[in-house]
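Below is one structure, written out as structure tokens; the observations come after it.
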Amino acid sequence: MVDSVGALKALLAEQRRSLEQAELHLAELDRQHRRDPSDLAESAVEVVYGIDAHDRMVELHRRATDQIRSFEMPPYAKKLEHADTAGARDGLSRGLRHRILYSRAAVEVQGVAMLTACLDAGEEARVTGDVPIRLSIYDDSAATLPVTTGQPITDGLMVVRPGGMLDALVALFEMVWARSLPLGLERSTDPETTDNVDDEVFVALLAAGTSDTAIARQLNISVRTVGRKVQRLLADVNAATRFQAGVAIGMSRALPLATTVSQVRS
């Protein structure tokens, strides 16, 4: 028994020494890269952390000259505020094209005020139930995405440089973008009136799987009004469930959107 305990202690001590050596090795690699970043500069992917991750995205956005393409989804590193749209609005004002695909959760987190600030400035927005990952593509020169899906970028941000991986991310964005619905956010001035409701955003949010309560909040209409419009849409597209209606709407993408939204006008 004593020999077994001694052997276990010796094994644990050896494992601790191995971990310490690994930590020292990683620290030395970090020092080498800080002195001579040429290896990182030549690699296809760079990883940055913390405030450096945020700063890198701001820098890439500022240097873009043609367009920004993004998948938007939570979580975010902090609570979003209207001031956080300043960078996007500045880019749009200098002629930068923005194509942003929002997940259902992103629409609910950001809310109407933030979304309309960018839409009014010229952003092209679409919405879908879920996006594969939080992603931004700057021209065709770089892309950023979190190291771990579902974690804030400050926990680790991958910066992808030109090459096969960047080409694949561009292709992924264009494929999902083509299958998603445009998002407009003109709101009704009368919560109990359906005549002025923006039916395009209603269809988009419904197809994305947004709840009646969230749709009502985004469009500034009552939950009862949303329920009536949902039932009308289910009847018009001959669907038994909201999911089936969303599928029917997605399949109708080949038709003019006006045809689709005319089906839900009250």
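Please treat every number below as a calculation from the coordinates, not as lab data. If you're wondering where the values come from, they're calculated on a predicted model, not measured in any experiment. Counting neighbours? That spans all protein chains shown, and the Cβs are built from the backbone with ideal geometry, glycine included.
Some observations on this one:
- Overall form of segment 43-108 per C-alpha gyration tensor (a/c, 1.5; a/b vs b/c): rounded
- Couplings for segment 102-109, taken from phi via the Karplus curve 6.51 cos²θ - 1.76 cosθ + 1.60 with θ = phi - 60°, read 8, 6, 4, 5, 5, 4, 5, 6 Hz in order; Gly and Pro are left as x.
- As a proxy for reagent exposure, ranking THR210, THR65 by other Cβ atoms within 10 Å from fewest up yields THR65, THR210.
- The trypsin sites (Lys or Arg not before Pro) of segment 59-121 meeting both criteria, a DSSP state outside H, G, I, E and B (loop) and at most 16 other C-beta atoms within 10 angstrom of the site's C-beta, are LYS78, LYS79, ARG94.
- Ranking of ILE51, ILE221 by count of other Cβ atoms within 10 Å, fewest first: ILE51, ILE221
- Where both bridge residues fall in segment 43-181, DSSP classifies roughly 60% of the beta bridges as antiparallel.
- Taking the convex hull of Cα positions in segment 91-142, its mean projected area over all directions (nm²): 4.0
- The Cβ shell under 13 Å around THR213 holds other residues with a net charge of +1, Lys and Arg each +1, Asp and Glu each -1.
- Rg ratio (alpha-carbon, reference 2.2 N^0.38 Å) - segment 43-181: 0.97
- Segment 209-234 and segment 39-114: distance between their alpha carbon centers, rounded to Å: 30
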